[in-house]
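The values are calculated or read from the model by the stated rules, or taken from the named source; none is laboratory data. The structure displayed is predicted, hence computed values, not measured ones. When we count neighbours, we look across all protein chains shown, and the Cβ atoms used for this are built from the backbone with ideal geometry, even at glycine. Quick note on the areas: whole protein, heavy atoms, side chains included, nothing else; ligands and nucleic acids left out. Shrake-Rupley method; radii C 1.70, N 1.55, O 1.52, S 1.80 Å.
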Amino acid sequence: KAGVTQTPRYLIKTRGQQVTLSCSPISGHRSVSWYQQTPGQGLQFLFEYFSETQRNKGNFPGRFSGRQFSNSRSEMNVSTLELGDSALYLCASSLLLAASYEQYFGPGTRLTVT
Amino acid sequence: SQQGEEDPQALSIQEGENATMNCSYKTSINNLQWYRQNSGRGLVHLILIRSNEREKHSGRLRVTLDTSKKSSSLLITASRAADTASYFCATDEEGGSEKLVFGKGTKLTVNP
């Protein structure tokens, strides 16, 4: 069974731009969660989508948004990029809601904002 | 917000030794999960333990959960150099919000 894939793997953007990251979950998984990982703040929950609906949201500004498609693939978007948005963005999928089931993580997208 | 906190922050041992990492959390939970992350890569799920369970095993891994003390421990027996990684505990937040919240992790180094 193919694992979770994330594209692109690396991205360099400048302040003020916007970016879209993509995540393809494991086949049959209905939940997709997004996390931001930085050395200072660690792993922080962004949001979780289940059956195309946002089920949970972390404490991030409205510049961070996401969506899930009918095939469970998910995208997250960050608008008006700031230097502090430089991070590893991880996507994870699970059969059902993430808090109750093991999550399978993708390799991440490393975003650098200059 | 941080729910689980791992201890120690860093641990260095020799191959063949056992490694124990602890996780403490603040509020009631339904589940606690442990994950491993090799440098700069995605996380790998190790074990999920539910609040009504006290101990779980998976190969060389043993996880215990003490809900009265709001703590969990991960024991890796007969460690190998390949076990070098960061280990995170994750818990669901209080109130059934279903969010999964990760601690800051324990960085384990196993020296050959």
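With +1 on the Cβ of every Lys and Arg and -1 on the Cβ of every Asp and Glu, and nothing else charged, how large is the dipole of chain A about its Cα centre, in debye rounded to the nearest 20?
Computed about the Cα centre, the dipole is about 160 debye.
Per residue of A:16-22, other chain Cβ atoms within 10 Å of the residue Cβ number 0 on average. Quick one: which bits of the stretch A:68-107 get at least 30 Å² less accessible when the partner protein chains are in, versus the chain alone, with a 1.4 Å probe? The answer is A:A99, A:S100, A:E102, A:Q103, A:F105. When a 1.4 Å probe is rolled over the protein heavy atoms, the share of accessible surface on the stretch B:5-111 that falls to carbon and sulfur comes to 43 percent.
Summing both sides, how much accessible area is buried between A and B? Use a 1.4 Å probe and give Å² to the nearest 100.
Interface between A and B: roughly 1800 Å².
Return the subset of A:K13/A:K57; B:K70/B:K107; A:K13/B:K99; A:K57/B:K56; A:K57/B:K107 for which the Cα-Cα distance in this structure is over 23 Å, preserving the input order. Beyond 23 Å: A:K13/A:K57; A:K13/B:K99; A:K57/B:K56; A:K57/B:K107. Residues in the stretch B:5-111 average 47 Å² of solvent-accessible surface per residue, probe 1.4 Å, ligands and nucleic acids excluded.
Heavy-atom accessible surface of B:K104, to the nearest 10 Å², is about 100 Å², with a 1.4 Å probe and all protein chains retained.
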